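Below is one structure, written out as C-alpha cells; the observations come after it.
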Amino acid sequence: MNFERLRERLAGIVGADYVVAAESCAPYAVDDKAPKTVVFPADAQELSEVMRRASSEQLSVVPWGSGTKIGLGGIPARVDLVVGLKRLNQIIDYEPGDLTATFQAGMLLREAQTSLHGSGQFLPFDPARCERATIGGILATNSSGPWRHRYGTARDLVIGIRVVHADGTLTKGGAKVVKSVSGYDMNKLYVGSLGTLGIILEATLRLYPLPAVERTWIALFLTGEAAACAVAQILHSTIVCTRVELLSSFAAQSVGRQAGCALPADTVAVAVSVGSMIEAVDAQIVAIRKLCHQEGGVAGFLVEGSTQESLWRAICDFPLASGDGRSWATLKASVPLTKVLETIHRTEALGRDLGLESAAVSEAGCGIVRLCWRGETGSPERDPTSIAKGVEELRKWILRDGGSLVILSARPAIKTSVDVWGPVGNALFLMQELKQQFDPQRLLNPGRFVGAI
C-alpha cells in the first residue's frame, strides 16, 4: 500500500491539516503498534468517505476518541489507520424537559457536563480519566464508575445511536425520547463492542437532575471483614446511596494522598455518597455513620465540596492517578457481592507470591472489583510470563464462582501470554457471526475484542 498516496486522498476529504503523517503517528500507537496514518474527519459525511476509502484499500482502522481507554483489549492484528473523532464534538440536540440530549462521539464528557449543569442536569458517567474521556469512547468500552451503583452502566443510558460502518454506510437505531416503540434494541449492540462493529458517530442519552446536595461519608476499619459487613448492612438498609466503594488498605492510602485527605496506614476504607435534598442527605449520613460504627468502624469523617470531588476523582482514576510507572497489570473482576472481599484477599496473596504490591477498589454494591499489581519500590523487573500465569490462576478461581476477569491494561508482553478477555461461553459464536455480517473484511480493531474478533 502506498501510504503517501493514501494521505493525499484523505487530505482531499478532510483537508491536509487533519491528516497526520507516519513520522508523527507514535502518540497514537496501540500496544506499541503505531499507525501509518491518522485522520480527523469533521462530520458524518467525511467520516463515511474515510471509511469507504479504508474499505476499498482494505486498511485496518482504529477509532480514537481521546485515547484514555486505548489500553483495553487484545493486541491488534494490525494498525494501518487511526480515525480520530475529536472534531466531532458538538451537542446535536438537547431537550431539558425530556431529560435527553444527543452528543457527537468526540465530545469530551467534561464539556458535556458543563453544558448540562446550566439546566440543573447531568450525565451519570464517571469512568476513569473522565476529564479527558469522550462520549464515544465511554460508550464503545461501556465504561462505568462508582455512579453505576445508582444509575446503571453506560449501556443503560443510551436510547438512540448513529453509527458509521466499515464500508462507510450510515445507520441509526433507537429514538430521541425515553419511551419508544418496541423492537430490537440495536443500541446495545454497539455499546461495549470496542468499535469492532462500527464507529459511533452520535448518541442520544438519558439525563438525570443534579441532586440539590451530595455528601460523602468515609469510614475506616481495621479489617476488610469489618468493612465488608458494614457495606452489607448499608446495602440491605433503606439508605439510597449514589456510590458505595470499598478500598483496600494500600488503595485507601493512595487515594487519600491524591485527594489531599491522608488516611492512616493499615486501615480499610468504605466511601459512601448520598445525593438528594439537604434534609434527606443529613438523615442518611447519620444512618450510614451509625451502621459503620456498629460494625467496628474506628474512625470516620464527612467529605463535601471540592474535597469530595477530588476524592471521587481519585477513586475513579485509581490506579491510573499514581502514574509512577510501576504498574504491571490492572484487572477488573465481576463477582457475586459475597465474594468481593475474598477476591481482594486472593489477589493480594497471588501478588505476594509474585513479589508485587496489590491494591483494590471495589464498587461493592455491584460486585465490580478493580485490582492492580505493581512492582515494589526498588524491586527488580518481573518476568511478564509469571504475571500472566498469575492472571490465569486468579481467573480460574473467579470463574469457579460464576464471575469473570478482564485485563483493563497491561504491558504487551503480558497480553501476548494470556487472554485479555477470558472465556465468553456460547456467546462467542454469535459475536463472530455478527462481526462477519457487519465487518466481513475485519477492518475495525481486528484482534482486540473477545475471541480475537
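The values are calculated or read from the model by the stated rules, or taken from the named source; none is laboratory data. As the structure is a computational prediction, the values presented were derived from the model and not from experiment. Positions of Cβ are generated from backbone atoms using ideal geometry, with glycine treated the same way; all protein chains shown enter the neighbour counts. These area figures cover heavy atoms from the full protein model, side chains too; ligands, DNA and RNA do not enter into them. Shrake-Rupley method; radii C 1.70, N 1.55, O 1.52, S 1.80 Å.
When nucleic acids and ligands are ignored and a 1.4 Å probe is applied, Leu341 ends up with an accessible area of around 30 Å².
Send over a whole-number figure in Å² for the accessible area per residue of the stretch 242-287, probe 1.4 Å. If you can, show how the numbers build up before the last one.
Working: 1660 Å² over 46 residues.
With all protein chains present, the stretch 242-287 gives 36 Å² per residue.
Over the chain, dividing the summed -39,500 (n - 2.57) contributions of all DSSP H runs of at least 4 residues by the number of residues returns a 222 nm mean residue ellipticity of -10000 deg cm²/dmol. The HN-Hα couplings worked out from phi for the stretch 153-162 by the Karplus form 6.51 cos²θ - 1.76 cosθ + 1.60 (θ = phi - 60°) are 7, 4, 4, 5, 9, 8, 10, x, 8, 10 Hz, whole numbers, x standing for Gly and Pro. Comparing Leu291, Thr169, Tyr18 along the charge dipole axis of the chain, the residue lying farthest to the positive side is Thr169, per the Cβ-charge model. Residue-wise HN-Hα couplings along the stretch 202-208, as the Karplus relation 6.51 cos²θ - 1.76 cosθ + 1.60 with θ = phi - 60° gives them from phi, are 9, 9, 9, 10, 7, 10, 9 Hz; Gly and Pro carry x.
Listed values for the stretch 388-405 are Karplus-derived 3J(HN,Hα) couplings in whole Hz (6.51 cos²θ - 1.76 cosθ + 1.60, θ = phi - 60°), namely 4, 5, x, 4, 4, 5, 5, 4, 4, 5, 5, 4, 4, 9, x, x, 8, 9, and x replaces Gly and Pro. Taken about its Cα centre, the stretch 89-223 carries a charge dipole of roughly 240 debye when the Cβ of each Lys and Arg holds +1 and the Cβ of each Asp and Glu holds -1. Remark: the chain carries a charge dipole of roughly 560 debye about the Cα centre, counting +1 on each Lys and Arg Cβ and -1 on each Asp and Glu Cβ.
When a/c reaches 1.5 or more, the comparison of a/b and b/c decides; with that in mind, is the stretch 326-453 rounded, prolate or oblate per its Cα gyration tensor? Cα axes put the stretch 326-453 in the oblate bin. A cut-off of 5 Å between modelled amide H atoms, ignoring neighbours fewer than 5 places along the same chain, links Gln121 with Leu210. Figure note: Thr171, Thr153 ranked by solvent-accessible area, largest first, 1.4 Å probe, ligands and nucleic acids not counted: Thr171, Thr153.
Which of the trypsin sites (Lys or Arg not before Pro) across the stretch 370-453 are loop residues per DSSP, with 10 or fewer other Cβ within 10 Å? Display every interim value, and only then the final one.
Working: sites: Arg370, Arg374, Arg382, Lys389, Arg395, Lys396, Arg400, Lys415, Lys435, Arg442, Arg448; in loops: Arg382, Arg400, Arg442, Arg448.
When the trypsin sites (Lys or Arg not before Pro) of the stretch 370-453 are filtered for loop state and at most 10 Cβ neighbours within 10 Å, Arg400 remain.
Entry note, the stretch 63-206: relative contact order of 25 percent, from Cα contacts under 8 Å with a spacing of 6+ residues.
Taking only C-alpha pairs under 8 Å that are 6+ residues apart, what is the relative contact order of the chain in percent?
On the way: 956 pairs, mean separation 72.9, N = 453.
The value is 16 percent.
Would you work out what percent of the accessible area of the stretch 317-453, with all protein chains in place, is carbon or sulfur (probe 1.4 Å)? Solvent-exposed carbon and sulfur of the stretch 317-453 make up 52 percent of the total. Under 5 Å from the amide H of Leu263 lie the amide H atoms of Gly256, Arg257, each residue being 5 or more positions distant or on a separate chain, with H modelled from the backbone and absent for Pro and chain starts.
In percent, how large is the relative contact order of the stretch 307-453, given Cα pairs closer than 8 Å and 6 or more residues apart?
Values: 183 pairs, mean separation 34.7, N = 147.
Relative contact order of the stretch 307-453: 24 percent.
Amide hydrogen proximity for Thr100: with H placed 1.01 Å from N in the peptide plane, the residues at 5 or more positions away or on another chain lying under 5 Å are Glu95, Leu207. As a fraction of the 1.4 Å probe accessible area of the stretch 32-87, surface on carbon and sulfur atoms comes out at 44 percent. Accessible surface computed residue by residue for the stretch 92-154, with neighbouring protein chains in place and a 1.4 Å probe, gives 34 Å² per residue.
Ignoring lysines fewer than eight residues from Lys389 along the same chain, the ones with Cα atoms less than 29 angstrom from its Cα are Lys33, Lys69, Lys332, Lys339, Lys415.
Whenever you get a sec, line up Met277, Met186 from highest to lowest accessible area (probe 1.4 Å, protein heavy atoms).
Working: Met277 120, Met186 80 Å².
The most accessible residue leads, giving Met277, Met186.
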